[in-house]
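*Asks:* Mind looking over this structure? Questions follow.
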Amino acid sequence: MRSHEAGALHAEGYGGPPLYLPYPQDVMALLPQLWPESVRRDDEGRLTVAGLDVVTLAHEVGTPAYVIDEDDFRARARAFRDDFAKPFDAVTGGADVYYAGKAFLCTAVAKWVAEEGLSLDVCSGGELAVARRAGFPAERVGFHGNNKSLDEIRAALDYGVGRIVLDSFTEIQRVADVATELGVVAPVMLRVTVGVEAHTHEFIATGHEDQKFGFSLSGGQAFEAARDVLERDSLDLRGLHSHIGSQIFDTGGFEMSARRLIGLHARIADELGHHSPEIDLGGGFGMAYTSQHTPLSPGELGEQLADIVGRELKVVGDGDLRQVPRVSIEPGRAIVGPSTFTLYEVGTIKQVDLGDGHTRAYVSVDGGMSDNVRPALYEADYSCTLADRSSEAEPMLARVVGKHCESGDIVVLDEWLPADLAPGDLIAVPGTGAYCRALSSQYNHTPRPPVVAVRDGEARVIVRRETIDDLLALDVAES
Ligand SMILES: *Cc1c(COP(=O)(O)O)cnc(C)c1O
């Protein structure tokens with residue numbers, strides 16, 4: 001399902017800007033909710049992050065570059081940790097926050113996550129290798145995925161991860177086999193498909209749970225999976241897990257999924273005599289890419305979810321096996337997304353006549369779908385701003401596009417930029433921390449941009465830029 005709403009919001013007629021993007025009062029204004037906390041403009045209009053201006057930064061590291069505000073990332077991580085711990089301590093055995101590494105992971109970020117007291121979700125051997133290299137505490141690592149290989153399972157158990165989330169009956173057998181082979185007991189959770197799917201502003205309850213992830217709740221499949229796990233000495237059932245979608249802006253979907261998970265938790269307690277100490281509600285909390293998005297804060301999410309879980313636990317009542325489980329969540333996007341912007345240099349500019357006196361400027365930058373495939377993949381919306389100077393020029397309607405050989409290679413579908421924009425200017429696209437570097441490619445043999453962390457006025461490359469030599473190194477030439 002395409003979760004995009006710009007289609008419906010686009011104004012009729014000449015193909016002008018969407019309704020959420022009116023002609024701006026001040027084309028240089030920054031919407032604070034789209035940018036890392038420390039981003040400002042200096043006296044010359046240059047964007048600065050943690051006190052460092054982007055002209056100097058571009059000089060040092062080149063463009064395109066992903067620029068991450070380290071303190072902003074840490075603050076968002078801490079906010080989730082603290083704002084969930086407090087309300088959940090009151091109604092459950094407490095809360096843990098697993099940063100979903102698939103949104104963006106490298107060794108430095110794994111270390112920040114560990115230092116801020118969060119746990120870490122990985123979903124491949126590669127992500128696990130990063131956690132391992134960062135020395136991430138093994139018991140705080142969760143391992144996901146619907147088709148983990150035997151080698152990946154071995155690596156996870158060898159490292160001693162705190163939980164493996166099981167996704168199918170095949171996998172119950174596989175993990176049990178590897179645990180037996182290694183002589184360990186594997187801590188596992190069951191991923192339950194609760195029949196709730198949430199995207200952006202709405203959620204739907206789906207009857208048939210027709211998707212690749214997890215054990216269906218309907219038909220008793222998830223319950224049978226629990227029985228299967230409990231019959232094996234090499235597996236320790238820690239609890240139930242569900243993840244209902246992404247870029248979610250309200251808690252209605254979580255209410256439905258918590259109700260269903262807790263119902264199953266109680267049934268496992270009653271009928272199988274097992275108390276699972278954990279419940280995981282997954283991630284998917286929304287963030288703002290443009291002015292059309294109004295995400296809940298971690299504080300609001302923590303309060304609302306603790307309230308929901310507390311209510312549902314009351315419904316199933318207390319008793320022997322009703323000791324209240326510990327709850328975990330798995331935010332990725334909401335932590336790393338807003339902490340990062342992409343810095344590009346403007347190349348060519350052309351004007352297209354849209355009729356009735358309207359024009360659109362096509363502004364080409366030195367990256368594109370290789371460093372941010374989300375517009376092409378999901379019709380995702382972004383915004384951008386002139387970053388290297390001030391301008392008094394009139395706003396012009398622009399579409400920022402990449403340098404790749406596809407007309408769908410769009411970075412920002414609609415934005416107002418000053419009409420004196422020129423080749424060599426820098427523009428910055430906020431909100432690119434999640435699923436941009438992670439989903440990047442080398443399309444058109446384009447070396448991938450670096451990730452640069454800025455803190456206290458200093459830039460530090462945490463993932464270096466790829467080079468043409470890196471690309472050629474994989475290409476086994478005939479000799
Ligand atoms: C993708 C994913 C997440 C994180 O989703 P975000 O939208 O980045 O918060 C969390 N848990 C699971 C199981 C996922 O697949």
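Each value in this text was obtained by applying a stated rule to the coordinates, not by laboratory testing. Being a predicted model, the structure only gives us computed values, none of them experimental. Methodologically, a virtual Cβ is constructed for each residue, glycine included, from the backbone with ideal geometry; neighbour enumeration extends over all protein chains shown.
*Asks:* Please give the FRET efficiency for Lys314 paired with Lys86, using the beta carbon to beta carbon distance and R0 = 25 Å, rounded to the nearest 0.05. Please list the in-between numbers first.
*Replies:* Numbers: r = 19 Å, r/R0 = 0.78.
The computed FRET efficiency comes out at 0.80.
*Asks:* What translational diffusion coefficient, to the nearest whole µm²/s, does the stretch 369-479 have by Stokes-Einstein, given a Kirkwood radius computed over alpha-carbon pairs, a temperature of 4 °C and 1.567 mPa s viscosity?
*Replies:* Values: Rh = 16.0 Å.
Approximately 81 µm²/s, per Stokes-Einstein.
*Asks:* Based on the Cα coordinates of the stretch 219-322, what is the per residue volume of their convex hull in Å³? Don't skip to the end; give the middle numbers.
*Replies:* Numbers: hull volume 12.0 nm³, N = 104.
Expressed per residue, the convex hull around the Cα atoms of the stretch 219-322 is 115 Å³.
*Asks:* Provide the percentage of antiparallel DSSP beta bridges, counting only those with both residues in the chain; round to the nearest 5. Intermediate values should be presented prior to the final figure.
*Replies:* Working: 38 of 78 bridges.
Of all bridge pairs located within the chain, approximately 50 percent are antiparallel.
*Asks:* Could you work out the Rg to Rh ratio of the chain, with Rh taken as the Kirkwood radius (inverse of the mean 1/r over all Cα pairs)?
*Replies:* On the way: Rg = 23.8 Å, Rh = 23.7 Å.
Result: Rg/Rh = 1.00.
*Asks:* Sticking with this structure for a sec: Per residue, how big is the convex hull of the stretch 134-195 when only Cα atoms are used? Give it in Å³.
*Replies:* Details: hull volume 5.4 nm³, N = 62.
Considering the Cα atoms of the stretch 134-195, their hull volume per residue is 86 Å³.
*Asks:* By a straight-distance test (C-alpha under 17 Å), which lysines pair with Lys350 as possible cross-link partners, with residues fewer than eight away in the same chain excluded?
*Replies:* Here the lysines satisfying the reach criterion relative to Lys350 are Lys403.
*Asks:* If you don't mind, there's one more thing I want to ask. Would you please state the base-10 log of I(q)/I(0) at q = 0.08, 0.14 1/Å for the stretch 70-335, with intensities from the Debye formula using one equal scatterer on every alpha carbon?
*Replies:* Treating every Cα as an identical point scatterer, log10 I(q)/I(0) equals -0.29, -0.95.
*Asks:* Also, I was wondering about something else. Could you work out the percent of alpha carbon pairs in the stretch 312-430 separated by over 22 Å, rounded to a whole number? The partial results should precede the final answer.
*Replies:* On the way: 3238 of 7021 pairs.
Summing the P(r) of the stretch 312-430 above 22 Å gives 46 percent of all pairs.
*Asks:* Okay, helix-only estimate at 222 nm for the chain: each DSSP H run of n ≥ 4 adds -39500 (n - 2.57), divide by all residues, round to 500 deg cm²/dmol; what do you get?
*Replies:* Details: 13 runs with 141 residues, N = 479.
Calculated mean residue ellipticity at 222 nm is -9000 deg cm²/dmol.
*Asks:* In nm, to one decimal, how far is the Lys212 label point from the Ser297 one, both placed 7 Å along Cα→Cβ?
*Replies:* Going from the Lys212 label point to the Ser297 one covers 3.9 nm.
*Asks:* Right, something else. Please identify the GluC sites (Glu not before Pro) of the stretch 180-256 that satisfy two criteria: DSSP loop assignment and at most 12 other Cβ atoms within 10 Å. Which are they? Provide the component values of the computation, followed by the final result.
*Replies:* Values: sites: Glu181, Glu197, Glu202, Glu209, Glu224, Glu231, Glu255; in loops: Glu209, Glu231.
Listed in order of number, the matching sites are Glu231.
*Asks:* By average Cβ neighbour count within 10 Å, what is the ranking of 348-356, 268-276 from highest down? The partial results should precede the final answer.
*Replies:* Working: 348-356: 11.3, 268-276: 16.3.
Result, highest mean first: 268-276, 348-356.
*Asks:* As an exercise, identify the trypsin sites (Lys or Arg not before Pro) in the stretch 180-255 lying in DSSP coil whose Cβ has no more than 13 other Cβ atoms within 10 Å. Spell out each step's value before the answer.
*Replies:* Details: sites: Arg191, Lys212, Arg227, Arg232, Arg238; in loops: Lys212, Arg232.
Filter output for the stretch 180-255: Lys212.
*Asks:* Treating cross-link reach as a plain straight distance, find the aspartates and glutamates whose alpha-carbon is under 15 Å from the alpha-carbon of Lys148, omitting any fewer than eight places away in the same chain.
*Replies:* Asp121, Glu127, Asp158, Asp167, Glu171, Asp177
*Asks:* Can you list which of the DSSP-assigned H helices in the chain have a Cα extent of 24 Å or more along the long axis and an average Kyte-Doolittle score of at least -1.0? Working shown, then result.
*Replies:* On the way: long enough: 70-91 (32 Å, -0.91); 252-272 (30 Å, 0.06); 298-316 (27 Å, 0.08).
Result, helices passing both filters: 70-91, 252-272, 298-316.
*Asks:* Tell me the label-point distance for the pair Val184, Lys111, using the 7 Å Cα-to-Cβ offset, in nm and rounded to one decimal.
*Replies:* 2.5 nm
*Asks:* So how do Glu415, Glu478 line up by other beta-carbon neighbours within 10 Å, fewest first? Could the numbers behind the result be given before it?
*Replies:* Details: Glu415 26, Glu478 3.
If I rank by nearby Cβ atoms, fewest first, I get Glu478, Glu415.
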